[in-house]
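I have placed the structure first, in the form of structure tokens, so that the comments after it can refer back to it.
The values are calculated or read from the model by the stated rules, or taken from the named source; none is laboratory data. Keep in mind it's a predicted model, so treat the numbers as computed, not measured. Note that we place each Cβ from the backbone using ideal geometry, even for glycine, and neighbour counts take in every protein chain shown. Just so you know, the surface numbers come from the protein's heavy atoms only, side chains and all, with ligands and any DNA or RNA stripped out. Shrake-Rupley method; radii C 1.70, N 1.55, O 1.52, S 1.80 Å.
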Amino acid sequence: MISKKMKTMVENSSTIRAMFEEGKRLSSIYGEENIFDYSIGNPNVEPPNEIKDIIIKILNEEKPNTVHGYMNNSGYEDVREAIARNIKEKNSIELNYENIVMTCGAAGGLNVILKSLLNPGDEVIVFAPFFGEYINYVKNFDGKVKVISADTNGFQLNLKELKNEISQNTKAIIINSPNNPSGVIYSEDTIQQLSNILREKEEEFKQDIYLISDEPYREIVYDNAKVPCVLKYYDNSFIGYSYSKSLSLPGERIGYVVVNPKINGFKEIVSSLNIANRILGFVNAPSLFQKVIKESLNLEVDAEIYKKNRDLLYNHLISIGFECMKPEGAFYLFPKAPINDDVKFCEEAKKFNILAVPGKTFGCPGYFRLSYCISYEKIKKSLKAFDNLMEKYKK
Ligand code: PLP
């Protein structure tokens, strides 16, 4: 018999699994080319061409026994130093290799941070709409998630509610910008205000409250939008980063955590992250891909491809009457469902071969998510299906 904790996780993961099964079922009936699967955030854009050459160069040129071995659980020092220098140049903040821990993607990074911070019963605050996996990551360490309701007027952070909800039990806050699922980037003003509130509350409760900024979409931004760097605004902060989206390498499991040099108890926290990487079973981030990253720091996928997709889908949905924020980054649209029941609406969408994820999954009922990291041609072909779906809701 599996554990009680895993039993609830297995039960709760069934919606996404059901969606995957439904996609397969519909494809077998209508043909894969006629199914508009907007359900999964798996990048369709290929990694930059240079990545393949870099991998081959490393394999050909590195000395024997240096590519595939164990290293410090935090990763190779030279790789961490190169990443620290790169962040420092982009954001004018003092960092070195000690501030960087290489991780198995953002998921690995977040788990390593939470393992280091949480005692059973500690509260972690998330803002709707949020990446649903946060709930499981927090439960992994017997923490409690508190959800702050969405600020549906623009999907910035509902700071008024946050102010009332932070308590003696609050250990950490997770934010994600550019946001999955809304595509919104939290503005400098929002981050500044959030930091002020956290400092006030730290003072009030005489304890540390950590800000964890989950940023796998940092490089996927449109129209020259800028993502403010939280390290500059709040000392007790971490960034969780990943190359899953910025280099389209989700299967390679490579990313890093940045620890703010001004965080309280820096040395102990860094040692803890290092051990957490080991004992959670990651041991270390993949060695070959750490080396690949060192040579790829100035490479990015072509975000223009996603921008073209965004413009096509967004403009069309708006033109047929959907309400939606225009995403500033990431590759998701988060429109309002034309009926209150988002689950029912997504069921209806399936009848038009459109697979979408109900907003409920992101703590934000009444909305639905479309992942537009699929081919432009597929999006074009799907527009008629959206017309037919919306027709049902026209009075
Ligand atoms: N955080 C957010 C907001 C995501 O959307 C994802 C993946 O889709 C992750 C974390 C996990 O990404 P990774 O592949 O880097 O573990």
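Structure summary
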{"item": "Some residue of segment 336-345 being surrounded by fewer than 20 Cβ atoms within 10 Å (Cβ to Cβ), part of a loop (DSSP other than H, G, I, E, B) and at positive phi", "result": "no"}
{"item": "Some residue of segment 206-214 being away from the ligand (no atom under 16 Å from the Cβ), surrounded by 24 or more Cβ atoms within 10 Å (Cβ to Cβ) and outside any loop (DSSP other than H, G, I, E, B)", "result": "yes"}
{"item": "Candidates 275, 263, 254, 269 - the one that is in contact with a Gly (Cβ under 7 Å, 6 or more places away or on another chain) and under 16 Å from residue 112 (Cβ atoms)", "result": "254"}
{"item": "In segment 132-145, the residues that are touching a strand residue (DSSP E or B) at 6+ places or on another chain (Cβ under 6 Å) and within 11 Å of the ligand (Cβ to nearest atom)", "result": "134"}
{"item": "Pick from segment 220-231, criterion open to solvent by 40 Å² or more (accessible area, probe 1.4 Å) and touching a helix residue (DSSP H, G or I) at 6+ places or on another chain (Cβ under 9 Å), ranking: farthest from residue 165 (Cα to Cα)", "result": "223"}
{"item": "Among residues of segment 109-125, those that are in contact with a strand residue (DSSP E or B) (Cβ under 9 Å, 6 or more places away or on another chain) and within 28 Å of residue 286 (Cβ to Cβ), counted", "result": "9"}
{"item": "Which listed residue is free of Cβ contacts under 8 Å to residues at least 12 places away in the same chain and farther than 20 Å from residue 289 by Cα, from 236, 224, 264", "result": "224"}
{"item": "Condition met for residue 231 (in contact with a Leu (Cβ under 7 Å, 6 or more places away or on another chain), in contact (Cβ under 8 Å) with a residue 12 or more places away in the chain and more than 17 Å from residue 115 (Cα to Cα))", "result": "no"}
{"item": "Selection from segment 331-369 of residues that are aliphatic (A, V, I, L, M) and within 15 Å of the chain's Cα centre (by Cα)", "result": "333"}
{"item": "Residue within segment 319-330 that is among the charged types (D, E, K, R) and within 21 Å of the chain's Cα centre (by Cα) present", "result": "yes"}
{"item": "Wholly within segment 1-90, helices (runs of 4 or more DSSP H) carrying at least 1 residues that are small (Gly, Ala, Ser) and open to solvent by less than 70 Å² (accessible area, probe 1.4 Å)", "result": "14-30"}
{"item": "Every residue from segment 41-58 that is without any contact (Cβ under 8 Å) to a residue 60 or more places away in the chain and either within 16 Å of the ligand (Cβ to nearest atom) or hydrophobic (A, V, I, L, M, F, W, C) (or both)", "result": "56"}
{"item": "Top-ranked residue of segment 105-129 - restricted to ones that are open to solvent by 10 Å² or more (accessible area, probe 1.4 Å) and within 11 Å of the ligand (Cβ to nearest atom), ranked as farthest from residue 176 (Cα to Cα)", "result": "111"}
{"item": "Wholly enclosed helices (runs of 4 or more DSSP H) of segment 232-319 bearing at least 3 residues away from the ligand (no atom under 16 Å from the Cβ), out of contact with any helix residue (DSSP H, G or I) (no Cβ under 8 Å at 6 or more places or on another chain) and open to solvent by less than 60 Å² (accessible area, probe 1.4 Å)", "result": "303-319"}
{"item": "Members of segment 179-200 that are assigned to a helix (DSSP H, G or I) and either among the small types (Gly, Ala, Ser) or free of Cβ contacts under 8 Å to residues at least 40 places away in the same chain (or both)", "result": "189, 190, 193, 195, 196, 197, 198, 199, 200"}
{"item": "Hits in segment 93-104 (condition: of a type in the set (Ser, Thr, Tyr) and away from the ligand (no atom under 16 Å from the Cβ))", "result": "97"}
{"item": "Qualifying residues in segment 161-178 (those that are part of a loop (DSSP other than H, G, I, E, B) and open to solvent by 20 Å² or more (accessible area, probe 1.4 Å)) - the one farthest from the ligand (Cβ to nearest atom)", "result": "168"}
{"item": "Flag if residue 149 is at pLDDT 95 or above and over 19 Å from the mean Cα position of the chain (by Cα)", "result": "no"}
